[in-house]
Amino acid sequence: MEGLTDPIMRDVLTSVGSFDWCVTEFIRVTDSLLPDHIYHTYCPELLNDGKTAAGTPVHVQFLGNNPEMLAANAAKVAAMGAPAIDMNFGCPAKTVNRHRGGSVLLDEPEVVHELVKAVRDAVPAHIPVSAKMRLGYMDRNFMLENAHAIEDAGAAWVTVHARTKADGYTPPAFWDQLQPIREALKINVIANGEIWNNADAKQCRLESGCEDLMIGRGAVTTPDLTQCIRQNSDAPLMKWNELLQLQIRFINGPAKTEIGMVGRYKQWLGMMSKHYPEAKALWDEVKRIKVLAEITEKLKASNI
């Protein structure tokens, strides 16, 4: 998720969550081989054997429509230590789609196949290649064709967001539509979309028939969500004091600018306020603060 699951957020969430792996923000590939520093910016975990500090593998995700350059960049990042490569055919952003990237390519299953195959052929066989897709672009007409295109190109698994681009992020997610995809493919199908709590996870599994789940915004909003799902707990497992320590860790992470970190923290706190009353109260206290040290003091005072 661009602008959300960056290295700092991955570090924080994997320190308390129970993830099998996580994925970088998408790296846009156009017509060039990207330099090392770009990869180390998007995925500093490459310098740590491709894992977060907690030991969670980080898969590198690409977005683009140039098969030669996607292949070349995938080969490069694989040599740099990426444990797996993921391809983004799910992004619904207008600017991305306008440049023929993300979900707009779901209207061209043959292109989806070409891109996945180019990357699969370019990286060593022991490194998995996967893809993320939606049910379609403006409709679901090519839903199964895209799924088959990804499988036939050699992907190890496919993650499906249970909405079209036209649906955006508006509830509901159509989990039942993943059932025919799962039944049609031999590779694993991972369900994604609108999983905010343990009850959602159970219902998604029931309707989709998928065992594995990819969780994005839900894990950011409720940092212990993966633990709740694994332990079948409908109640939060982390106390607010523990979450305060997590927030302090977040704002002490590396950031290009102070104002940038302030904005990122407020974004996260705003998301958590949907689930935690304490977060809403804290938001009211810090929403006008622009100095990181002042926010830190507020967090420490709240932790007393």
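Extending 7 Å from Cα along the Cβ direction at E242 and again at N48 yields two label points whose distance is 2.0 nm. The helix-only estimate of mean residue ellipticity at 222 nm for the chain, built from DSSP H runs of length n ≥ 4 each weighted as -39500 (n - 2.57), is -13000 deg cm²/dmol after division by the residue total. Within 15 Å, Cβ to Cβ, of M9, how many net charges do the neighbouring residues add up to if Lys/Arg are +1 and Asp/Glu are -1? Net charge in that neighbourhood comes out at 0. Here the label points at R249 and S302, each 7 Å from Cα along the C-beta direction, are separated by 1.7 nm in the simple model.
What's the angle, to the nearest 10 degrees (0 to 90), between helix 143-152's Cα axis and the longest principal axis of the chain? In the chain, helix 143-152 runs at an angle near 80 degrees to the longest axis. Computed from Cα atoms alone, the Kirkwood hydrodynamic radius reported for region 156-304 is 17.1 Å.
By how many nm would the segment from D176 to L4 lengthen if fully extended, with 0.36 nm per residue of separation less the alpha-carbon distance?
Gain in length upon complete extension: 59.2 nm.
Take the Cα of E294, go 7 Å toward its beta carbon, and the backbone nitrogen atoms of region 244-274 under 19 Å from that spot belong to 248, 251-252, 257-270. Surface analysis of the chain yields an accessible area of 44 Å² per residue, using protein heavy atoms and a 1.4 Å probe. Using only Cα atoms, locate the centre of region 236-304 and the centre of region 4-77, then give the distance between them in Å, rounded to an integer. Their Cα centres are 25 Å away from one another. Against the chain, whose longest principal axis comes from its Cα atoms, helix 258-272 is set at around 90 degrees. A DSSP coil position with no more than 14 other Cβ atoms inside 10 Å describes the following trypsin sites (Lys or Arg not before Pro) in region 154-249: K186, K239. Axis angle, to the nearest 10 degrees, between helix 292-302 and the longest C-alpha principal axis of the chain: 70 degrees. Phi angles of region 9-19 translate, via the Karplus equation with coefficients 6.51, -1.76, 1.60 and θ = phi - 60°, into HN-Hα couplings of 5, 4, 4, 5, 5, 6, 6, 10, x, 10, 9 Hz per residue; Gly and Pro are given as x. Given (i) 32, 23, 17; (ii) 29, 23, 20; (iii) 47, 33, 11 as candidate values of semi-axes √(5λ) of the Cα gyration tensor in Å, which corresponds to the one derived from the coordinates? Given (i) 32, 23, 17; (ii) 29, 23, 20; (iii) 47, 33, 11, the structure-derived one carries the label (i). With R₀ fixed at 35 Å, the C-beta to C-beta distance from M138 to H37 puts the FRET efficiency at about 0.40. Contact order, relative form, for region 222-304: 29 percent (alpha carbon pairs under 8 Å, 6 or more residues apart, mean separation divided by residue count).
The values are calculated or read from the model by the stated rules, or taken from the named source; none is laboratory data. Quantities reported herein were computed from a predicted structural model and do not represent experimental measurements. For neighbour counting, all protein chains shown are included, and Cβ atoms are generated from backbone atoms with ideal geometry for every residue, glycine included. All accessible areas refer to the heavy atoms of the entire protein, side chains included, with ligands and DNA or RNA removed. Shrake-Rupley method; radii C 1.70, N 1.55, O 1.52, S 1.80 Å.
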